[in-house]
Amino acid sequence: MSSLKQFKWTWLVLAVCIIAAIALVYNALGIGKSKYPVVGQVADFTMENVDGKTVSRDDTKGQVRLMYFYFTSCPDVCPVTTFLLSKVQDELKNDGTFGKDVSFVSISFDPVTDTREKIKEFGDRFFADYSGWYFLRGDQEKTRELMEGSFKIPLLGKDSSNFTHGNYIALVDRDNNIRKMYNAADPDSVQIEEVAKDVRALVKE
């Protein structure tokens with residue numbers, strides 16, 4: 001091999017090595033990857049709001065959403081998590097995104113007990129702004145299918161006397177893609193400012 005060809009070959013090998021090294025660094029640091037990868041998609045649904053109006057999945061399409069499954073008779077985690085959401089609501093109202101670019105969707109999986117009136121009382125306890133916070137109820141089995149299917153949140157039991165459920169908040173983008181799941185069973189791991197920051201980041205996407 002001539003010295004010129006050897007020189008070109010050496011530089012070609014070196015260039016490939018450099019490109020490979022850069023790619024490894026990018027992958028290790030997560031550069032170029034979304035901080036909020038798609039982890040699922042919200043299936044279509046149609047339910048009843050506290051004002052008696054029908055609300056479907058796509059009625060809030062185009063907004064970033066926080067979605068939560070609960071029941072009003074919950075003795076522990078549901079009130080705590082709804083309180084947390086109310087604080088996130090306040091954060092987003094301060095910058096004008098709540099009700100415009102952002103909405104919350106809380107869905108009861110206990111429609112037998114959770115009448116519209118009872119749900120409204122529950123929302124009022126946490127100063128919910130109903131202009132951007134939907135408290136929905138629908139068919140129990142369809143709600144269970146949505147909860148376990150789209151969100152992979154387990155639900156055991158048939159009524160408020162024996163429900164056992166996963167306690168998660170879902171961050172959903174404008175196109176109904178689930179981008180993050182917060183484990184709200186551990187309140188220390190769900191910080192109000194961080195959730196609001198995540199929501200604002202998706203609003204800007």
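Every read-out reported here was derived from the displayed coordinates using simple, explicitly stated rules and does not represent laboratory data. Here the structure is a predicted model, which means the values were calculated and not measured. Here the Cβ is made from the backbone with ideal geometry for all residues, glycine too, and neighbour counts use every protein chain on show.
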| message | Just to verify a number: FRET efficiency for residue 160 and residue 183, C-beta to C-beta distance, R0 = 22 Å, to 0.05? | response | 0.45
| said: If you take every residue apart from residue 144 with its C-beta less than 12 Å away from the C-beta of residue 144, what net charge results, scoring Lys and Arg +1 and Asp and Glu -1? | reply: -3
| remark: Per the 1/(1 + (r/R0)^6) rule, R0 = 41 Å and r from the Cβ atoms of residue 141 and residue 87, FRET efficiency to 0.05 is 0.80
